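In what follows, a structure is listed as structure tokens, so that the remarks can point back to it.
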Amino acid sequence: MGKAFGAVAGVGAVGSLIAMKQSWDPLPSVKAAGFTEVDLSSVEENKLVVEKWRGKPIFILKKTAAMVAEQSKEELARDVIVDGAHFMITIGLCTHLGCIPAYREAKKDFLCACHGGEFNASGIETKSPPPSPLVIPPFKVTGKTVMLGEEGPEYQKMKADGVVA
């Protein structure tokens, strides 16, 4: 009788633990919101595309050949290269207070109107008060698409090189 009671209690305990774990796991809809796939084949040069990932704006800028030729090593290290084209992919929130900077096509830079901060076309701050460059989100390149939210080899290389935190 004792062994039977112990077996039933053990099965009940395992069932309870499984139910608790499932209640702690995020819902499938929440997991799906963690990834955003962006097709870069239709992005025009020097035109800012804004996508949404985890409720944040993502800036995608395809650079012209002239823009790439003028870049420093630090700026080139921040580029995401897809099918031979250079892209800036960053979270579109100013690192000062979280405002959304505006892209100025003529000057090929970003201006945060809240406090006058500026970023270049690679997302590097060029005028204070922003304390750091625009943040590069985790990404994975597959063909001509970028999956935001997943760390691919390109992102891991940027991480190893100290480009992203």
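Rule-based calculations on the coordinates, nothing more; no lab input. Given the structure is predicted, the values throughout are model-derived calculations rather than measurements. Heads up, the Cβs are rebuilt from the backbone with ideal geometry, glycines too, and the neighbour counts pull from every protein chain shown.
Before moving on, here are some points about what is shown:
- For residue 35 and residue 69, a Förster radius of 35 Å and the Cβ-Cβ distance give a FRET efficiency of 0.55, rounded to the nearest 0.05.
- Reach of residue 62 by Cα under 25 Å, taken over lysines that are not fewer than 8 positions away in the same chain: 47, 52, 73, 107, 108, 127, 140, 144, 157, 159
- Taking amide hydrogens as placed 1.01 Å from N in the peptide plane, the amide H of residue 53 sits under 5 Å from those of 58, each at least 5 positions away in sequence or on another chain.
- Listed options for mean projected area of the Cα convex hull in nm² are (1) 14.4; (2) 13.4; (3) 16.8. The value calculated from this structure is the one marked (2).
- The chain - mean residue ellipticity at 222 nm from DSSP helices (-39,500 (n - 2.57) per run, n ≥ 4, rounded to 500): -8000 deg cm²/dmol
- Each DSSP beta bridge with both residues in the chain is either parallel or antiparallel, and the antiparallel ones are about 95%.
- Cα centroid of the range 1-25 to Cα centroid of the range 28-94, whole Å: 48
- About the centre of its Cα atoms, the range 41-108 shows a dipole size close to 280 debye [charges on the beta carbon of Lys, Arg (+1) and Asp, Glu (-1) only; nearest 20 debye].
- Most mobile listed residue (48, 97, 111) in the chain, GNM with C-alpha springs under 10 Å: 97
- In the elastic network of the chain, a GNM with C-alpha springs shorter than 10 Å, the most mobile of 39, 25, 79 is 25.
- Applying a DSSP loop filter and a limit of 16 other Cβ atoms within 10 Å to the GluC sites (Glu not before Pro) in the range 72-146 leaves 105.
- Sparse packing (at most 15 other Cβ atoms within 10 Å of the Cβ) combined with a DSSP loop state is found for the following trypsin sites (Lys or Arg not before Pro) in the range 96-152: 107, 144.
- Highest GNM mean-square fluctuation among 13, 106, 69, for the chain modelled with Cα contacts below 10 Å: 13.
- Cα centre as origin, Lys/Arg/Asp/Glu Cβ charges: the range 7-165 dipole, Debye: 300
- Between residue 77 and residue 128, the modelled labels are 2.3 nm apart [label points 7 Å from Cα along Cα→Cβ].
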